[in-house]
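Visitor: Take a look at the following structure, please.
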Amino acid sequence: MTENTPRTPKTEHSVPFFWPLAAGIEMGRAGLELFNENIRFLEEAAEITDPPAPEWATPNRVALDLPTMRLRDFSRPGARADAVPVIVDAPYAGHDSTIADYAPGQSLVEALLDGGVQRVFVTDWKTATPEMRDFSIDTYLAELNVVVDDLGGRANLVGLCQGGWMSAMLAARFPGKAATLTLAGSPIDTDAGTGPIRAMAHDTPIEFYRDLVAAGDGRMPGRAMLAGWKNMHPAQQYLLKYLDLYAHIEDDCYIERTERFERWYENPVDLPGAYYLQAIELLFKENRFARGDFIGLGRKLSLRDVTCPAWLLAGAGDDITTKEQVFAAKDLLGTPQDNIEQALVPGGHIGLFMGSRTLKDAWPKIAAWLCREGDAG
């Protein structure tokens, strides 16, 4: 029999139900081991392409259920009732708020609690329904204000990414309600630096974003944002991550880490069209908040009105919110310079919130500072 002569199969392959059994017989033991690896790869590829929703890593309860969010209370039993609460304002930028409590050992919430903070709350932002299409930045500021009032009227605000400018806006609108302000990877001066997001915001016409919102029936679909982001990194998102998965298919730890990340990454949330377009046009294109021209809850907001102690945290490799956009706050806030802490840590954007090294090195210092300056301990 020559190399090109068709080989008659030992087993009938025409009935689909039995093809795995027939294939196993054809390949023998060595081939079957490879076959099993390939089957596991296909199962895992399906799992990370359409994974279940992410979960919170730390026990919590829903303290408030508002139209925009569920406020989650992570405070441990026996927490000091009169401690000033810490409100982690999670990013509302297309992904789930669980990034603030990503995994055991990779949880910002856990780092704060272990660092002595008594009362920790997280804004669990809801995906936008059709009824939420007209929710604006004011809607979210108003409900964040309700949260602060419900917790006693004063809070330590910890803003992550887009949650940072929202927390800073609240502190500017109601200065007496902010005990401290922490900004982690937060774009405060969106004209600072030369990051790709800044360039994209300025170079892409606002009509493009309006068309996306119109196509989403008044909402910015999370899937559309995720697809756009993936298309900026097509090789990694559509090929390399699957090659990496195949190469590590026998590594259970790698598989567990990948599944957890993809549960967060592949389950985007929708944003109200009004909120999204305001953020793009007024904050990222016109930089009104940093310039003191943004109107929030009926008043022009000035960062000079924020005089509470502040901590600024940026990632050296962050190309989403560059360090310049974060550290610009030092000269914009009304807080005395000697009452502003700042740190530049290795790594990229989401590593600021769930990276093991940053959680070990930076956040315990911030927790101690919150206890000292914000009476959180």
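The values are calculated or read from the model by the stated rules, or taken from the named source; none is laboratory data. Treat the numbers as computed from the prediction; the structure is a model and nothing was measured. Don't worry about glycine lacking a Cβ; one is built from the backbone with ideal geometry, like all the others, and counts go over all protein chains shown. Heads up: the accessible areas ignore ligands, DNA and RNA and are worked out on the full protein's heavy atoms, side chains in. Shrake-Rupley method; radii C 1.70, N 1.55, O 1.52, S 1.80 Å.
Visitor: Of the residues that make up the range 159-178, is at least one over 20 Å from E286 (Cα atoms), surrounded by fewer than 23 Cβ atoms within 10 Å (Cβ to Cβ), small (G, A, S) and at pLDDT below 95?
Guide: no
Visitor: Related question: Please verify whether K323 is surrounded by fewer than 20 Cβ atoms within 10 Å (Cβ to Cβ) and charged (D, E, K, R), treating the condition exactly as stated. Explain how you work it out, then say what you get.
Guide: Values: surrounded by fewer than 20 Cβ atoms within 10 Å (Cβ to Cβ): no; charged (D, E, K, R): yes.
No: the conditions fail for K323.
Visitor: Mind checking which residues of the range 100-127 are modelled with pLDDT of 95 or more and among the hydrophobic types (A, V, I, L, M, F, W, C)?
Guide: Once the filter is applied, which keeps residues that are modelled with pLDDT of 95 or more and among the hydrophobic types (A, V, I, L, M, F, W, C), the range 100-127 yields A100, L108, V109, A111, L112, L113, V117, V120, F121, V122, W125.
Visitor: Which condition breaks for A93 when tested against (1) among the hydrophobic types (A, V, I, L, M, F, W, C); (2) closer than 23 Å to V146 by Cα; (3) open to solvent by 60 Å² or more (accessible area, probe 1.4 Å)?
Guide: It is condition (3) that A93 fails.
Visitor: Can you go through D189, D217, D270, D211 and tell me which one is open to solvent by 10 Å² or more (accessible area, probe 1.4 Å), on the phi > 0 side of the Ramachandran plot and either charged (D, E, K, R) or modelled with pLDDT under 80 (or both)?
Guide: Numbers: D189 fails: on the phi > 0 side of the Ramachandran plot; D270 fails: on the phi > 0 side of the Ramachandran plot; D211 fails: on the phi > 0 side of the Ramachandran plot.
Just a single option satisfies the conditions, and that option is D217.
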